[in-house]
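Working notes for the structure below.
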Amino acid sequence: MSTTPEANPATPGKPSAASRYLFVLLVGLVIGAVAVVMILRTLEARKTWQDRYPIATMDLFQAQMAQLKASTEANRCGATDTLPRLKTLRALADGLEPAFGDLGEDTRFSKHASDMRAVLDASLASPPLNCEGVKATAGKIGEACKACHQDFRG
């Protein structure tokens, strides 16, 4: 007794339309993801150094502050450990106004930048020699950063 393919469910039949739609959807998602990545990389490549300058300056500030904090956590608070960080922060502070272009011409921004340089000058004139002093100096630098960020980052 032979059975017809319609009567035997174990016999593979024609694929359903749902599986074809699913396959086309997945292919579309992959192509879309690749296209988005290509577009984003193209837009990123079009940026000039002027576009990256403010972000890079803030990233360097953040990195130096993180290394200063790591020094205190490792109990390495001597002048030889902290002075290089403070000098780098001071050099970065010299470039705040040029880094932020038109914002650098704002009097409030210039005052914040000047306050940052004053804090760093004071810390370089009388460098902290122990971890408590480094923490206090880092706190003053953080306050100067926070004051500017409150006015300009929102």
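Coordinate-derived values only; no laboratory data. All figures in this text were calculated on a predicted structure; none of them were measured in a lab. All Cβ positions, even for glycine, are placed from backbone atoms using ideal geometry, and neighbour counts span all protein chains on display.
Brief remarks follow.
- Neighbour-count ranking [beta-carbon atoms within 10 angstrom, fewest first] of Tyr53, Tyr21: Tyr21, Tyr53
- Dividing the summed helix terms, -39500 (n - 2.57) for each DSSP H run of n ≥ 4, by the number of residues in the chain produces a 222 nm estimate of -25500 deg cm²/dmol to the nearest 500.
- The 3J(HN,Hα) values that the Karplus relation (6.51, -1.76, 1.60; θ = phi - 60°) gives for the stretch 37-45 are, in residue order, 4, 5, 5, 5, 5, 5, 5, 5, 5 Hz. Gly and Pro appear as x.
- Computed FRET value (nearest 0.05) for Arg90 with Gln150, which takes r as the C-beta separation and R₀ as 22 Å: 0.50
- A simple spin-label model places the labels of Glu132 and Ser110 4.0 nm from each other, with each point 7 Å out along Cα-to-Cβ.
- Applying a 4.7 Å cutoff between beta carbons, the unpaired cysteines of the chain are Cys145, Cys148.
- Measuring r between the beta carbons of Arg117 and Lys47 and using R0 = 35 Å, the FRET efficiency lands at 0.80.
- Candidate values [x] 64; [y] 67; [z] 61 were compared with percent of Cα pairs over 19 Å apart computed on the shown model; the agreeing label is [y].
- Between Phe152, Thr80, Gly95, the Cα set farthest toward the positive side of the dipole of the stretch 49-152 (charges on each charged residue's Cβ, about the Cα centre) is that of Thr80.
- You can think of it this way: the chain between Ala35 and Leu22 has 2.7 nm of extra reach, that is 0.36 nm per residue less the Cα-Cα gap.
- Neighbour-count ranking [beta-carbon atoms within 10 angstrom, fewest first] of Thr48, Thr82: Thr48, Thr82
- Sites Leu124 and Lys69, calculated FRET efficiency, Cβ-Cβ separation with R0 22 Å, nearest 0.05: 0.75
- Loop sites in the stretch 18-73: trypsin sites (Lys or Arg not before Pro), DSSP, at most 16 other Cβ within 10 Å: Arg46, Lys47
- The relative contact order of the stretch 49-152 comes to 33 percent, based on Cα pairs under 8 Å that sit 6 or more residues apart.
- For the chain, the tally of Lys pairs with Cα-Cα distances below 25 Å comes to 12, considering only residues 8 or more apart or on different chains.
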